[in-house]
Amino acid sequence: MPAEKAPKLVGITVKKSEDMSEWYNQVVLKSELADYAPIHGFMVIRPLGMMMWEQIQHYFDARIKSLGVQNAYFPLLIPESFFKKEQEHAEGFAPEVAWIAQDENAESEERLAIRPTSETMMYDMYSKWIRSHRDLPLKINQWCNVVRWEIKATKLFLRTREFLWQEGHCVYSTHEEEREDTLRFLKEYQRVAHELLAIPVIMGWKTKGERFAGANDTFTIEGFMPDGKALQMGTSHDLGQNFSRAFQIKFSGEDEKDHLAWQNSWGISTRLIGAVIMTHGDDKGLVIPPHLAKNKVVIVPIIFDASREQVMKAAAALEKQLHEYNALVDARDNYSAGWKFNEWEMKGIPLRIELGPRDVGNNQCVLVRRDTGQKKIVPLHEIKKVVDEELSAMHHAMFAKQEKWVKDSLVTVSTMKEFESALAQRKLIRALFCGQVDCEKALKEKTTATSRCIPLDEKPHKGGACIHCNQPAEWYTLFAKAY
């Protein structure tokens, strides 16, 4: 029987620079990261996308455990009365909560919500568990899914009704200790972005209008994407005593008196995968940062009938030599080498090794970097050292490229005319801002720009005036269009 013909690989049909929204959708679907679920607003995460999330989990879980955090799991459903205990929190999440329809035989008449976040459920339990200062600090994290119902349009990984995340919730005996950890976890998020994702981020705190509902302060890491839009990539919240007061989380201090506890919460989600796609992807598809990729190398044998056994034996030896990089050998029949090259470029594997009969005869191979397409002939006995060097160089090059983009995109403005001009050019805008909620709302309605953060390294600016309302303004704030 004739050999089965290989399917045609359809690549990305639009350029990233011309239509990033359509480009993004094609990369997600064609690289097989995720797909649209049959339920509006939901997604199916495919194995490659899940692998990326598992790598993030593995990296970050080890980091937080070194800081004394333990994992637990709490129920998916939350009683309505729990939300009502902290009014600002309840009002902030009211539009996003999905409620369960209950029949007349339900055990309770109280409505139950699918968790949009787990503060209320976890803090009800904390009020039972915490009795003494000896129980503190309590540092608990859970890896789970949440549902937030109100979305304008589905954007895989970036805006879906259900997503995966981690949420850490800690309790302390002093505000100083709580605040210190709030910033420590923010820096851990920066570390994930820099060391794992090769994405530079700006650390800062949110304005009143963008603060988490029920928090005293919200801190954030903000990425700036190649289409000139900002992306919130992780947050850490100083909750003060707002929730401990609402849920009566008290402890007996060393003075034998009762005290309200201090709390923080912090989270990152599968939105990070969206950031990786947008930041590093190109017109050929996905580009996975080396430290994030599980399979860092793919070996593509160039096969001819006469030399098949010789080449496949060399490929197997190479795979074994590079086992610590989870190297793959693509020995599929009925697929040309060129077809395989294109597929693995689409899926973003950091390094490709081409191995043909001539290479085997010369004890060498061809190494190709996914980010630059650069080819290098490498002696087989040096391959492990060169792979290690190229993976490191690739990570630093990807980070440096995006870091330059963010630096070149940042502009400081002093008038609304300059603000609007910079926004039209898709810049990241730095401007003096009063921070008032009404002013920010009016500015957003007028320009569609949102405040991203006040960078942690900013210094107070005395005697300044707000870019929008001309009222006194002490802080330079970053603005941009956002996802």
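The values are calculated or read from the model by the stated rules, or taken from the named source; none is laboratory data. Predicted model, so just to flag it, every value in this text is computed and none were measured. All Cβ positions, even for glycine, are placed from backbone atoms using ideal geometry, and neighbour counts span all protein chains on display.
May I ask you to list the residues in the stretch 456-473 that are modelled with pLDDT of 95 or more and crowded, with 17+ Cβ neighbours inside 10 Å? Result: Cys466, Ile467, His468, Ala473. When the residues of the stretch 451-479 are filtered to those that are part of a strand (DSSP E or B) and over 21 Å from Leu186 (Cα atoms), which remaining residue is nearest to the chain's Cα centre (by Cα)? Looking at residues that are part of a strand (DSSP E or B) and over 21 Å from Leu186 (Cα atoms), I get Ala473.
Table: residues versus (1) in contact with a helix residue (DSSP H, G or I) (Cβ under 8 Å, 6 or more places away or on another chain); (2) not hydrophobic (A, V, I, L, M, F, W, C).
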{"site": "Pro137", "(1), (2)": "yes, yes"}
{"site": "Trp149", "(1), (2)": "yes, no"}
{"site": "His169", "(1), (2)": "yes, yes"}
{"site": "Tyr172", "(1), (2)": "yes, yes"}
{"site": "Glu177", "(1), (2)": "no, yes"}
{"site": "Leu183", "(1), (2)": "no, no"}
{"site": "Tyr189", "(1), (2)": "no, yes"}
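Conditions tested, residue by residue: (1) of a type outside the set (Gly, Ala, Ser); (2) touching a His at 6+ places or on another chain (Cβ under 8 Å).
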{"site": "Ala215", "(1), (2)": "no, yes"}
{"site": "Thr220", "(1), (2)": "yes, no"}
{"site": "Asp227", "(1), (2)": "yes, no"}
{"site": "Ala230", "(1), (2)": "no, no"}
{"site": "Met233", "(1), (2)": "yes, no"}
{"site": "Ser236", "(1), (2)": "no, no"}
{"site": "Gln263", "(1), (2)": "yes, yes"}
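None of Glu32, Glu22, Glu54, Glu18 is in contact with a helix residue (DSSP H, G or I) (Cβ under 6 Å, 6 or more places away or on another chain), surrounded by fewer than 16 Cβ atoms within 10 Å (Cβ to Cβ) and at pLDDT 95 or above except Glu32. Val411 falls short on exactly one of the conditions (1) in a strand (DSSP E or B); (2) over 27 Å from the mean Cα position of the chain (by Cα), and that condition is (2).
Checking each residue in the stretch 424-444 for being surrounded by fewer than 19 Cβ atoms within 10 Å (Cβ to Cβ), under 29 Å from the mean Cα position of the chain (by Cα) and among the hydrophobic types (A, V, I, L, M, F, W, C) picks out Ala424, Val437. Residues of the stretch 77-105 that are hydrophobic (A, V, I, L, M, F, W, C) and touching a helix residue (DSSP H, G or I) at 6+ places or on another chain (Cβ under 9 Å): Leu77, Ile78, Phe82, Phe83, Ala90, Phe93, Ala94, Val97, Trp99. The set of residues in the stretch 21-36 being of a type in the set (Phe, Trp, Tyr) and part of a helix (DSSP H, G or I) consists of Trp23, Tyr24. Which residue is farthest from Asp388 (Cα to Cα), if the candidates are limited to the stretch 331-357 and must be of a type in the set (D, E, K, R) and surrounded by fewer than 17 Cβ atoms within 10 Å (Cβ to Cβ)? Filtering first and then ranking leaves Asp333.
Okay, residues lined up against (1) farther than 25 Å from Phe93 by Cα; (2) out of contact with any Phe, Trp or Tyr (no Cβ under 6 Å at 6 or more places or on another chain):
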{"position": "Ile130", "(1), (2)": "yes, no"}
{"position": "Cys144", "(1), (2)": "no, yes"}
{"position": "Val147", "(1), (2)": "no, yes"}
{"position": "Thr174", "(1), (2)": "yes, yes"}
{"position": "Thr182", "(1), (2)": "no, yes"}
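Among the residues of the stretch 198-230, those identified as of a type outside the set (D, E, K, R) and either in contact with a Pro (Cβ under 6 Å, 6 or more places away or on another chain) or in a helix (DSSP H, G or I) (or both) are Ala198, Ile202, Gly204, Gly209. Of the residues contained in the stretch 255-271, one or more are found to be at pLDDT 95 or above and assigned to a helix (DSSP H, G or I).
Among the candidates Glu180, Glu188, the residue that is modelled with pLDDT of 95 or more, outside any strand (DSSP E or B) and in contact with a Lys or Arg (Cβ under 6 Å, 6 or more places away or on another chain) is uniquely Glu188. Being acidic (Asp, Glu), farther than 30 Å from Pro38 by Cβ and assigned by TED's automatic domain parsing to the domain that holds Gly68 is true of Glu180.
Conditions (1) more than 27 Å from the chain's Cα centre (by Cα); (2) touching a residue at least 40 places away in the same chain (Cβ under 8 Å); (3) outside the structural domain of Ser118 (by TED's automatic domain parsing), marked per residue:
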{"residue": "Ala261", "(1), (2), (3)": "yes, yes, no"}
{"residue": "Ile288", "(1), (2), (3)": "no, yes, yes"}
{"residue": "Leu292", "(1), (2), (3)": "no, yes, yes"}
{"residue": "Pro301", "(1), (2), (3)": "yes, yes, yes"}
{"residue": "Asp305", "(1), (2), (3)": "yes, no, yes"}
{"residue": "Gly338", "(1), (2), (3)": "yes, no, yes"}
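For the stretch 366-398, the set of residues classified as touching an Asp or Glu at 6+ places or on another chain (Cβ under 9 Å) and touching a residue at least 60 places away in the same chain (Cβ under 8 Å) consists of Arg370, Asp371, Leu380, Lys384, Met394, His395, Met398, listed by residue number.
For the stretch 291-320, a residue qualifies if it is polar (S, T, N, Q) and not in a helix (DSSP H, G or I), and exactly one does: Asn295.
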